[in-house]
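J.: Have a look at this one.
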Amino acid sequence: TQLLEQSPQFLSIQEGENLTVYCNSSSVFSSLQWYRQEPGEGPVLLVTVVTGGEVKKLKRLTFQFGDARKDSSLHITAAQPGDTGLYLCAGLDGSSNTGKLIFGQGTTLQVKP
Amino acid sequence: NAGVMQNPRHLVRRRGQEARLRCSPMKGHSHVYWYRQLPEEGLKFMVYLQKENIIDESGMPKERFSAEFPKEGPSILRIQQVVRGDSAAYFCASSQLRDGYTFGSGTRLTVV
């Protein structure tokens, strides 16, 4: 069974600080996605990483896929209150070829002004 | 196209009643996925459907839960004889090529 472990589970920081969220697994994923979810809404896709070692940047967000495609990280520079939300990583389940995603348990980020 | 539409947004049912959750995928999307989310947790896969076919239901409880995606109309997730443990947010996602998901806003089911 493929599992994704996210850490930390909760993070409360001041505006302007940097942070990193980690997503780890013992399994290899063909691709990995990061989502952000706000209360009462569905997850919104931020990025998909496919190639081992890949780095993608989205404004102040930097996403990295591990060389072995078993882990990923999300780094936010100079966090703002608008970054507050639940961040989820999700790996594409390669064992079933049905496109289903395996989600980590999420990281709840609170950025205080 | 307003994206993936789920209704109702909130649903309250008494124990033993039936819950019907509806999902209209994005126009042109033929793949529908249902996920369940408990508070402060990630999403758990339930079922994957294409038009008129259930492709993968490995995440569905064996009893009381069923799903369909008819030729015409929305996909339906049905929960019979609901229990308190069924209280959760249920999300539908659609895609065209089994990746690049778009999620709906979810249905929050509360069983009282």
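J.: In this structure, is B:G3 within 21 Å of A:W34 (Cα to Cα), more than 10 Å from the chain's Cα centre (by Cα) and either among the basic types (K, R) or assigned to a loop (DSSP other than H, G, I, E, B) (or both)?
T.: So B:G3 fits the description; yes.
J.: State yes or no: is B:F91 aromatic (F, W, Y), touching a residue at least 40 places away in the same chain (Cβ under 8 Å) and facing chain A (nearest Cβ under 8 Å)?
T.: Values: aromatic (F, W, Y): yes; touching a residue at least 40 places away in the same chain (Cβ under 8 Å): yes; facing chain A (nearest Cβ under 8 Å): yes.
Yes; evaluated as a whole, the condition is true for this residue.
J.: In this structure, does B:R22 turn out to be touching a residue at least 24 places away in the same chain (Cβ under 8 Å) and within 30 Å of A:L11 (Cα to Cα)? Reasoning before the result, please.
T.: Numbers: touching a residue at least 24 places away in the same chain (Cβ under 8 Å): yes; within 30 Å of A:L11 (Cα to Cα): no.
Judged against the criteria, B:R22 is not a match.
J.: Looking at the stretch A:33-67, which of the residues that are aliphatic (A, V, I, L, M) and either under 18 Å from A:A78 (Cα atoms) or assigned to a strand (DSSP E or B) (or both) is least open to solvent (accessible area, probe 1.4 Å)?
T.: Here is the first cut: in the stretch A:33-67, the ones aliphatic (A, V, I, L, M) are A:44-47, A:49-50, A:55, A:58, A:61.
Going one step further and asking which of them are either under 18 Å from A:A78 (Cα atoms) or assigned to a strand (DSSP E or B) (or both), we end up with A:44-47, A:49, A:55, A:58, A:61.
Details: A:V44: 87, A:L45: 63, A:L46: 46, A:V47: 17, A:V49: 0, A:V55: 79, A:L58: 78, A:L61: 19 Å².
My answer is A:V49.
J.: Follow-up question, since we're still on this one. Checking the condition open to solvent by 30 Å² or more (accessible area, probe 1.4 Å), part of a strand (DSSP E or B) and among the charged types (D, E, K, R), which residue from B:R20, B:R15 passes?
T.: B:R20
J.: For residues in the stretch A:1-14 being over 14 Å from A:G85 (Cα atoms) and in a loop (DSSP other than H, G, I, E, B), which is least open to solvent (accessible area, probe 1.4 Å)?
T.: A:L4
J.: Can you tell me which residues in the stretch B:84-112 are part of a loop (DSSP other than H, G, I, E, B), open to solvent by 60 Å² or more (accessible area, probe 1.4 Å) and under 21 Å from B:F65 (Cα atoms)? Full working, then the answer.
T.: Within the stretch B:84-112, the subset part of a loop (DSSP other than H, G, I, E, B) is B:87, B:96-101, B:104-106, B:112.
With the extra rule that they be open to solvent by 60 Å² or more (accessible area, probe 1.4 Å), the set shrinks to B:96-99, B:112.
Result: B:V112, single match.
J.: Right, something else. Looking at the stretch B:23-49 only, could you name the residues that are within 10 Å of chain A (Cβ to nearest Cβ), more than 11 Å from B:Y90 (Cα to Cα) and open to solvent by 10 Å² or more (accessible area, probe 1.4 Å)?
T.: B:H31, B:E40, B:E41
J.: Could I ask something else about it? Are there any pairs, at least 6 apart or on different chains, whose C-beta atoms fall under 9 Å, with the first in the stretch A:1-16 and within 25 Å of A:L32 (Cα to Cα) and the second aromatic (F, W, Y) and open to solvent by 50 Å² or more (accessible area, probe 1.4 Å), and if so, which?
T.: A:E5/A:Y22; A:Q6/A:Y22; A:S7/A:Y22; A:P8/A:Y22
J.: Here's another thing I want to ask about it. Could you list all residues from the stretch A:86-108 that are in a strand (DSSP E or B) and open to solvent by 10 Å² or more (accessible area, probe 1.4 Å)? Spell out how you get there, then give the answer.
T.: We begin by selecting, within the stretch A:86-108, every residue in a strand (DSSP E or B); these are A:86-92, A:101-103, A:107-108.
Across the stretch A:86-108, the qualifying residues are A:L86, A:L92, A:I102, A:F103, A:T108.
J.: Is it the case that the stretch B:56-75 has a residue that's in contact (Cβ under 8 Å) with a residue 40 or more places away in the chain and not small (G, A, S)?
T.: Checking the stretch B:56-75: at least one residue is in contact (Cβ under 8 Å) with a residue 40 or more places away in the chain and not small (G, A, S).
J.: May I pose another question? Identify the single condition in (1) on the phi > 0 side of the Ramachandran plot; (2) outside any loop (DSSP other than H, G, I, E, B) that A:C23 does not satisfy, given that it satisfies every other one.
T.: Evaluating A:C23 over (1) on the phi > 0 side of the Ramachandran plot; (2) outside any loop (DSSP other than H, G, I, E, B) leaves (1) as the failure.
J.: Is it true that A:V111 is more than 8 Å from chain B (Cβ to nearest Cβ), more than 25 Å from B:G104 (Cβ to Cβ) and either in contact with a Leu (Cβ under 6 Å, 6 or more places away or on another chain) or not in a strand (DSSP E or B) (or both)?
T.: It is false that A:V111 is more than 8 Å from chain B (Cβ to nearest Cβ), more than 25 Å from B:G104 (Cβ to Cβ) and either in contact with a Leu (Cβ under 6 Å, 6 or more places away or on another chain) or not in a strand (DSSP E or B) (or both).
The values are calculated or read from the model by the stated rules, or taken from the named source; none is laboratory data. This is a predicted model, so every value here is computed, not measured. Glycine also receives a Cβ, built like all others from the backbone with ideal geometry; neighbour counts cover every protein chain displayed. These area figures cover heavy atoms from the full protein model, side chains too; ligands, DNA and RNA do not enter into them. Shrake-Rupley method; radii C 1.70, N 1.55, O 1.52, S 1.80 Å.
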